[in-house]
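S.K.: First, the structure itself, so that you have it in front of you.
The values are calculated or read from the model by the stated rules, or taken from the named source; none is laboratory data. Because the structure is predicted, anything quoted here is derived from the model rather than measured. Every residue, glycine as well, gets a Cβ built from its backbone with ideal geometry; the counts of neighbours run over all protein chains shown. Accessible surface areas use protein heavy atoms only, side chains included; no ligands, DNA or RNA. Shrake-Rupley method; radii C 1.70, N 1.55, O 1.52, S 1.80 Å.
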Amino acid sequence: MPTSFRGFLSLATLLGFALHRGSAATTLAAGDTLVYVGTYTGPTSQGIYAFRLKSGPGAPALEPLGLAAEARQPSFLAIDPARRLLFAVNESGTFAGQPTGSVSSFAIDPAGRLTRLSERASGGAGPCHLLLDRTGTSLFVANYNAGTVALLPVAADGQLGEATAIIRHSGRSVHPQRQTAPHAHSVTLDPAERFLFVCDLGIDRVMIYRFDVERGALTPHEPAYAPLPSGSGPRHLVFRPDGRFAYVLSELASTVSVFAYDATRGRLSPVESISTIPTGFTGVTTTAEVAIHPSGRYLYASNRGHDSLAMFAVDAVRGTLRTLGLQSTGGRTPRHFGLDPTGTIVAMANQNSDTIVLARLDPTTGLLTPSPHVASAPSPVCLVFLPPAAR
């Protein structure tokens, strides 16, 4: 990155942190889309921050609304738009004197502020990912350090209950530092929400569980998992909207693996694997996030180290991927990125640059055009959109 651009980012970061000292209190218009950013708390971050997305004519931008809620290590977020609820993992190793992290729920008010409703044990240390089912009554959590997956009930008022299911993985794989134990890294439901898929980085498996929403239960499936090549480090999984294919992003190998999905049997069958980094790149890099366009035509994956988004076209029939290119994220260590509800804007969270960079997405080509407007956010890890229809 040019030195002059780095200097611009540093100034933007300082100005943005000054704005963040307040709390979100701006009056929002009916058509505003809110963006919430989960962070790693510390010297510069106090919790969850809110922004207004300005997506009209011209380059898109984020207007900072300030601190939405103080929270402890709220690294990953999920939203229930129907009830205006936000959920966050608290990525730590202790809660209420026990060796576990926690999960918090918040109510979203019309000004975008968050009011804490509840906090419960996450079922293991180091919760790093969470997911709501479509009814909003079940919350799934992946606990990285503990190697567990948990299911917590959600009451109508947004209160979290104690976990009704906690499953601990076992095993290891070949990486001498990262794979000496299980590390559950993400939770994903199939489109029919009959099966839960858990990427476990530590054992190179995508674990599969049957989900019973009525009983709040998870049951090991048969087959119990889909394997990845040794040393892959599966991190996140996304289904194509039509449910015919699943895409597994592997952190350690910097690959996307394509699987055909049998929705009746809950079975993943390998199709191909493709690299997210350019041929000949020898630097240190790992992947972080994967997302598919609402049309199902394009897939994107973030590279930390190479600091880019890999862009792919998705074959409509075979589900295979064709590389479209790589787009710089304009910062360091893109931990997460998200597509806005219209599928025309991508927001890239650069954790080690304390910035969020937006880009226009061309739905006819799948390519990105970065915005010159850079938003500052302290140690951003995850961002989620709340569309105006939900408010």
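S.K.: Considering only residues that are open to solvent by 30 Å² or more (accessible area, probe 1.4 Å), within 16 Å of Pro182 (Cβ to Cβ) and of a type outside the set (Gly, Ala, Ser), which ones fall in region 209-255?
M.R.: Pro220, Tyr225, Pro227, Leu252
S.K.: How many residues does region 59-92 hold that are of a type in the set (Phe, Trp, Tyr) and part of a loop (DSSP other than H, G, I, E, B)?
M.R.: 1
S.K.: Another one. Looking at this structure, is Ala181 in a strand (DSSP E or B) and touching a residue at least 24 places away in the same chain (Cβ under 8 Å)?
M.R.: Working: in a strand (DSSP E or B): no; touching a residue at least 24 places away in the same chain (Cβ under 8 Å): yes.
No; evaluated as a whole, the condition is false for this residue.
S.K.: Ok, one more. Given the criterion in a loop (DSSP other than H, G, I, E, B) and closer than 21 Å to Glu289 by Cβ, identify the matching residue among Gly231, Gly171.
M.R.: Only one candidate qualifies: Gly231.
S.K.: Tell me whether region 44-58 contains one or more residues that are at pLDDT 95 or above, within 27 Å of Gln327 (Cα to Cα), assigned to a loop (DSSP other than H, G, I, E, B) and open to solvent by 20 Å² or more (accessible area, probe 1.4 Å).
M.R.: No - not one qualifying residue is present in region 44-58.
S.K.: Quickly run through region 269-299 and pick out the residues that are open to solvent by 70 Å² or more (accessible area, probe 1.4 Å), in a loop (DSSP other than H, G, I, E, B) and among the hydroxyl-bearing types (Ser, Thr, Tyr).
M.R.: Correct list: Thr279, Thr282.
S.K.: Next question, about the same structure. Taking Ala142 as the residue in question, decide whether it is part of a strand (DSSP E or B) and touching a Lys or Arg at 6+ places or on another chain (Cβ under 9 Å).
M.R.: On the way: part of a strand (DSSP E or B): yes; touching a Lys or Arg at 6+ places or on another chain (Cβ under 9 Å): no.
Here the answer is no, as Ala142 does not meet what is asked.
S.K.: Taking the conditions exactly as written (surrounded by fewer than 18 Cβ atoms within 10 Å (Cβ to Cβ) and in contact with a Phe, Trp or Tyr (Cβ under 8 Å, 6 or more places away or on another chain)), does Asp157 satisfy them or not?
M.R.: Answer is no for this residue.
S.K.: So, in region 125-149, exactly how many residues are crowded, with 24+ Cβ neighbours inside 10 Å, farther than 13 Å from Leu196 by Cα, among the small types (Gly, Ala, Ser) and within 16 Å of the chain's Cα centre (by Cα)?
M.R.: 0
S.K.: Given the conditions (1) open to solvent by 40 Å² or more (accessible area, probe 1.4 Å); (2) on the phi > 0 side of the Ramachandran plot, and given that Gly319 satisfies all but one, which numbered condition is not satisfied?
M.R.: Gly319 satisfies all of (1) open to solvent by 40 Å² or more (accessible area, probe 1.4 Å); (2) on the phi > 0 side of the Ramachandran plot except (1).
S.K.: Please specify each residue of region 301-316 satisfying the condition of being under 21 Å from Val37 (Cα atoms) and open to solvent by less than 10 Å² (accessible area, probe 1.4 Å). Spell out the reasoning first.
M.R.: Step one: of region 301-316, the residues under 21 Å from Val37 (Cα atoms) are 301-304, 307-309.
The answer is Ala301, Ser302, Asn303, Ser308, Leu309.
S.K.: Phe337 - would you say it is assigned to a strand (DSSP E or B), farther than 19 Å from Thr365 by Cβ, free of Cβ contacts under 8 Å to residues at least 60 places away in the same chain and open to solvent by less than 40 Å² (accessible area, probe 1.4 Å)?
M.R.: Here the answer is no, as Phe337 does not meet what is asked.
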